[in-house]
1. Return the FRET efficiency for the residue pair I154, L339: r is the Cβ-Cβ distance, R0 is 35 Å, and the value is rounded to the nearest 0.05.
2. Go ahead and run the numbers for FRET between S56 and E123, Cβ-Cβ distance against an R0 of 35 Å, rounding to 0.05.
3. How far, in nm, would the chain grow between L9 and L286 when pulled straight, counting 0.36 nm per residue and subtracting the alpha carbon separation?
4. Length gain on complete extension for the stretch I190 to Y328, per 0.36 nm per residue less the alpha carbon to alpha carbon distance?
5. Would you mind calculating the gained length between N348 and K171 on full extension (0.36 nm times residue separation, minus the Cα-Cα distance), in nm to one decimal?
6. Provide the packing ranking of 61-71, 145-155, i.e. peptides ordered by the mean count of other C-beta atoms within 10 Å per residue, highest first.
7. Pop out the ³J(HN,Hα) list for the stretch 358-375 in order, Karplus 6.51 cos²θ - 1.76 cosθ + 1.60 with θ = phi - 60°, rounded to Hz; leave Gly and Pro as x.
8. Could you compute the FRET efficiency for A112 and T385, with r as their C-beta to C-beta distance and R0 at 35 Å, rounded to 0.05?
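Bear in mind that the values in this text are calculations on the coordinates, not laboratory data. Every value quoted in this text rests on a predicted model; they were computed, and no experiment measured them. Every residue, glycine as well, gets a Cβ built from its backbone with ideal geometry; the counts of neighbours run over all protein chains shown.
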Amino acid sequence: MTDHFRRLLLSLTVFLVALTIFSLVRNRQPGYGLLDLLRGRGPGEQFTAAAGPQLSTADVAGLARLDEEYARLCAAVLPSVVSVNTKSLVQRQRTFRWGIFDLPRMTVEEQAGLGSGAIISKEGHVITNYHVIAGATEVKVVTNDGKEYSAHVIDGSKVRDIALIKIDGGKNDFPPLSFADSDKVRVGEIVFAVGNPFGLSGTVTQGIISARNRTLSDGSALDYLQTDTVINPGNSGGPLVNVKGEILGVNVAIFRGDQNVQAWQGVGLAVPANEAKQVVDSVLALRAGKREAPRQQGYIGVRVFDRALQLNLPNGQALAALLVQVVYEESPAAAAGLLPGDVILELNGQPVGGAEELLGEIAKLKPGTKFTLGIYRNNQIGQLTGIVGAAPQA
């Protein structure tokens, strides 16, 4: 290689290096030095955080007050809601191999259960669902602060699915919740479900009362409140509270439109507070040794369609009326001669305004007293009389 060629190669190398440095300097990002670029480091990630919230509480004053009130309500209710953990013995059929045969064998196994409840007395009385404690050999109550207590079942109603249990230990400063008058509840009222879904204690969900009196029959032990509040397995027995923190209902079930979906689908059911309180009053009355528990609800054994109709009589008179859907066998209504397809105009001389009103008035009747139904059948108005029965009990 000649000296001339070496000089030419060196000059070309120096030119290329200079051109590269010039390009890097010209295109470098602010804050990055030439040395950083020569080491192969690229420009830094730019990140500018928000200066603050998009709105102030003054901009959304109404929502801010609502937010504060929701939080205040939950803080007041949560100490009174408990998790109810149970153990029970269940029989299961297993198979064992004997030679070439698979033979059945019954085994007894311990099964854990969970639910929710609400403290309703300073002494630690807790209301829950009957199915939560049914068959339990052990009941434990866990309060919202994480303390665990042994408890025992006092009594309850299987039909109404309400039970009363008592926390052991003699403590008398538990924070109780009071009952609301569920007869006054209105569709659209804001409610909160509090409980222990899937074992996640202290869970609160919010919704409204979607409907009431879902079972339009006095042959049912009770009607349910319907809510769109999220209710899941484990919420059973927990309270459905109103905006004052009163027990408006006891969460009992979720309705599954699709049986393959084992989760909430927008329809939750709760035993109305008045029904639940009646069970509690009966249990406490019997516990206290009173000769008679509070009276049972009246019952005649009729199911009516949920919509009232207007009956136009031949004489031009228009009356509110209810079409009879079912008359239960061997019921007071059947004994009085009421038939499916009859139209009820009056109960004890009072016009019927709707299905809820009629069934509510029947429930108020004292078992053993006389009732009179004004009916319309075969284009004629007539009267039927009978004796009020007692609503089915557990």
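1. Using R0 = 35 Å, I get an efficiency of 0.25.
2. The value I calculate is 0.15.
3. Contour length minus the Cα-Cα distance gives 88.5 nm.
4. Contour length minus the Cα-Cα distance gives 46.1 nm.
5. The span from N348 to K171 would gain 58.8 nm if fully extended.
6. Working: 61-71: 11.4, 145-155: 14.2.
Descending mean neighbour count gives 145-155, 61-71.
7. Along the stretch 358-375, the couplings run 4, 5, x, 5, 4, 4, 7, 5, 7, x, x, 8, 8, 10, 10, 10, x, 10 Hz.
8. 0.05
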